[in-house]
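Each remark here refers to the structure printed beneath this line.
What follows is calculated from the coordinates using simple rules that are stated; it is not laboratory data. Just so you know, these numbers come straight off a predicted model, no measurement behind them. Cβ sites come from the backbone with ideal geometry, for glycine too, and all protein chains shown count toward neighbours.
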Amino acid sequence: MASVDDVVAAILEITGRVDTFKLQKLVYYCQAWHLVWVGEPLFPEPIQAWAGGPVVPALYERHRGRYSISEWPEGNASELVESERGTVSSVVNAYQKLSGRQLSQLTHSEEPWLVARGTLGPGARGSSVIEPGSMQEYYSGIDQDPGATLVEDLVPAEADEPF
């Protein structure tokens, strides 16, 4: 199993520079889709349902204060096995056209984040873990739906504003 740092290094190999807000959402979607396609977590670090969307606190602590990053010496993309690399590549290719704000709005409309947030209001601080089982169940439903909508079609039009 990769670490979240190895996943970040692999994402950056594809995207180059990326803002850290967007990076957190890409990491989340990598975890979610790996759970669906491979049946196990991509990395062991927990993901929390913060007000701005899913966040890996261990990753946040290392990029805190930086708007964007282009390299991640804490990770090594070559540590990922073929299935892990495939997940990262597929997810980044599917979601990279969306801004961090668009990705955040997308996660805010999806069950795993909503369930973990519970009754917390918009903008309220929270640290509830988004459970891998919840992610796997929700995204498996999307994966098995032949009429599932393309990622780009899921984002509300007002989300096109820059973050």
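Computed about its Cα centre, the charge dipole of the chain is approximately 580 debye, with only Lys, Arg, Asp and Glu carrying charge at their Cβ. Sparse packing (at most 12 other Cβ atoms within 10 Å of the Cβ) combined with a DSSP loop state is found for the following trypsin sites (Lys or Arg not before Pro) in the stretch 8-88: Arg17, Arg64, Arg66. Spin-label pair Asp19-Ser83: with each label point 7 Å from Cα along the Cα-Cβ axis, the two points sit 3.5 nm from one another.
Using all pairs of distinct alpha-carbon atoms, the Kirkwood hydrodynamic radius of the stretch 1-84 works out to 12.8 angstrom.
With Rg/Rh (Cα atoms, Kirkwood Rh) in mind, check [x] 0.93; [y] 0.98; [z] 1.15 and report the label derived from this structure. Given [x] 0.93; [y] 0.98; [z] 1.15, the calculated one carries the label [x].
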